[in-house]
Amino acid sequence: MTLLPLIDACPKRMEYGPCGGVGFDGSCEIDATHLCTFLPRRTVPWTGLDRATPVHPGPRTAAAAETLASLGTRPWIVADLPARALSVASIDACASVLTGEVDAVLAGDAGSARVQFPPAYRAHLLHRRGLRVWTGLNMRDRNRVAIEGELAALVVEGVAGVHCVTGDHTRTGHRPDAAPVFDLDSTEATALARAAGHVVSVAASPAAPPLDRRAARLREKQRAGADVCFVNHAGGAAPVRRFIDEVGDGTRFIPCVPVVVDHASADLLESFTTLVLPDGFVGRIRGARDTRAEGIALAVALAEEMLALPGVVGVNLSGGREGAEESFAEALAEVARRLR
């Protein structure tokens, strides 16, 4: 096959890929009729942004230094923020439930809603409610200048960390009419975030092709400046342990733990075709007399297994669905309390 420049061959214009959305059959998440352009290629080595934009790691912000010190002394409980998009009232309500229960909220963009409050403003709203914020920053909607502006504003806000993701394409979600940007990908944004002084996290998907190169892909993100890896659902503690061993020593991991408390959230989770859950996980919840109690108990048990793994510095309680935001916040808080 003709090997086009990667940025021209990938729908997300990624240079350092693949993303975490590769189908189990190797298909592109944007066009299932085509193979992911990165699969037949070797892992792309990190070589920097470009010569015109030199990026060097800067001193850590005070908030970043505090995060790194804390991660070295005890495991963190990070919860997804289940609040509705563009709703200050929903953010306030969810924050009031989670404040004092979790170490931080992972405040990223909702999966279905493409119009969101800017990351720094969302962090501001959460900080005023007393929550520590780990901010998700996607590359779909912002060019390099806008990303640099957000990173500077997040320094002012004093966020605990910045989670750099390439992001879902605008063809998915409720605004397919919006033009995708993808000026940078997650690896390039990682370098910018680290240069700004942030603690930088990235995602890894050990269960998505190419399985034999996911560890190498993470190591290139680390070379770009990543401090922490959030591990997407990979089938339980044993597969996460294998991935950690493959990556090697010196990496901080925060595995995702699914929180499923009703049939609708089970349906939603199963609709994501590129994640793997432990055997029987959803079936046990569906078959339980009290689905909420069973879902919380299973999440606690899985989180405890994850926290026992070497290199794991915390867990990310992952869950939520539209229309049940506060209920999910309460479930996440309950899991966190039991883990304490």
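The values are calculated or read from the model by the stated rules, or taken from the named source; none is laboratory data. The structure presented is a predicted model; accordingly, all values stated were derived computationally and were not measured. Don't worry about glycine lacking a Cβ; one is built from the backbone with ideal geometry, like all the others, and counts go over all protein chains shown.
Matching residues to (1) over 24 Å from A215 (Cα atoms); (2) among the aromatic types (F, W, Y); (3) surrounded by 18 or more Cβ atoms within 10 Å (Cβ to Cβ):
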residue: G21; (1), (2), (3): no, no, yes
residue: F24; (1), (2), (3): no, yes, no
residue: L49; (1), (2), (3): no, no, yes
residue: T61; (1), (2), (3): yes, no, yes
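For segment 83-109, a residue qualifies if it is over 19 Å from the mean Cα position of the chain (by Cα) and either in a loop (DSSP other than H, G, I, E, B) or at pLDDT below 95 (or both), and the qualifying residues are L86, S87, T99, G100, E101. Among all residues of segment 185-196, there is at least one that is within 21 Å of L275 (Cβ to Cβ), in contact with a Ser or Thr (Cβ under 6 Å, 6 or more places away or on another chain), in a loop (DSSP other than H, G, I, E, B) and not small (G, A, S). Looking across segment 155-177, the residues that are in a helix (DSSP H, G or I) and β-branched (V, I, T) come down to V155, V156. Residues that are among the basic types (K, R) and surrounded by fewer than 21 Cβ atoms within 10 Å (Cβ to Cβ) were ranked within segment 191-247; the one that is farthest from E66 (Cα to Cα) is R213.
Residue-wise test of (1) of a type in the set (F, W, Y); (2) within 27 Å of L268 (Cβ to Cβ); (3) surrounded by 23 or more Cβ atoms within 10 Å (Cβ to Cβ).
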| position | (1), (2), (3) |
| --- | --- |
| V105 | no, yes, yes |
| H124 | no, no, no |
| T135 | no, yes, yes |
| T170 | no, yes, no |
| D177 | no, yes, no |
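Considering segment 110-138, the residues that are aliphatic (A, V, I, L, M) and modelled with pLDDT of 95 or more include one that is nearest to the chain's Cα centre (by Cα), namely L137. Restricting segment 151-164 to residues that are hydrophobic (A, V, I, L, M, F, W, C) and crowded, with 22+ Cβ neighbours inside 10 Å, the residue that is nearest to the chain's Cα centre (by Cα) is C164.
The set of residues in segment 197-255 being of a type in the set (S, T, Y) and closer than 17 Å to Y16 by Cβ consists of S201, S205. Check segment 7-15 and report whether any residue there is basic (K, R), in a loop (DSSP other than H, G, I, E, B), within 21 Å of the chain's Cα centre (by Cα) and modelled with pLDDT under 95. Looking through segment 7-15, at least one residue is basic (K, R), in a loop (DSSP other than H, G, I, E, B), within 21 Å of the chain's Cα centre (by Cα) and modelled with pLDDT under 95. Answer yes or no: is there a residue in segment 111-122 that is of a type in the set (A, V, I, L, M), crowded, with 18+ Cβ neighbours inside 10 Å and within 25 Å of V257 (Cα to Cα). No, segment 111-122 contains no residue that is of a type in the set (A, V, I, L, M), crowded, with 18+ Cβ neighbours inside 10 Å and within 25 Å of V257 (Cα to Cα). When you check T187 against the structure, is it touching a residue at least 40 places away in the same chain (Cβ under 8 Å) and under 24 Å from F253 (Cβ atoms), yes or no? Against the criterion (touching a residue at least 40 places away in the same chain (Cβ under 8 Å) and under 24 Å from F253 (Cβ atoms)), T187 qualifies.
Residue count for segment 123-154, restricted to those that are closer than 30 Å to C10 by Cα and either among the charged types (D, E, K, R) or not in a helix (DSSP H, G or I) (or both): 13.
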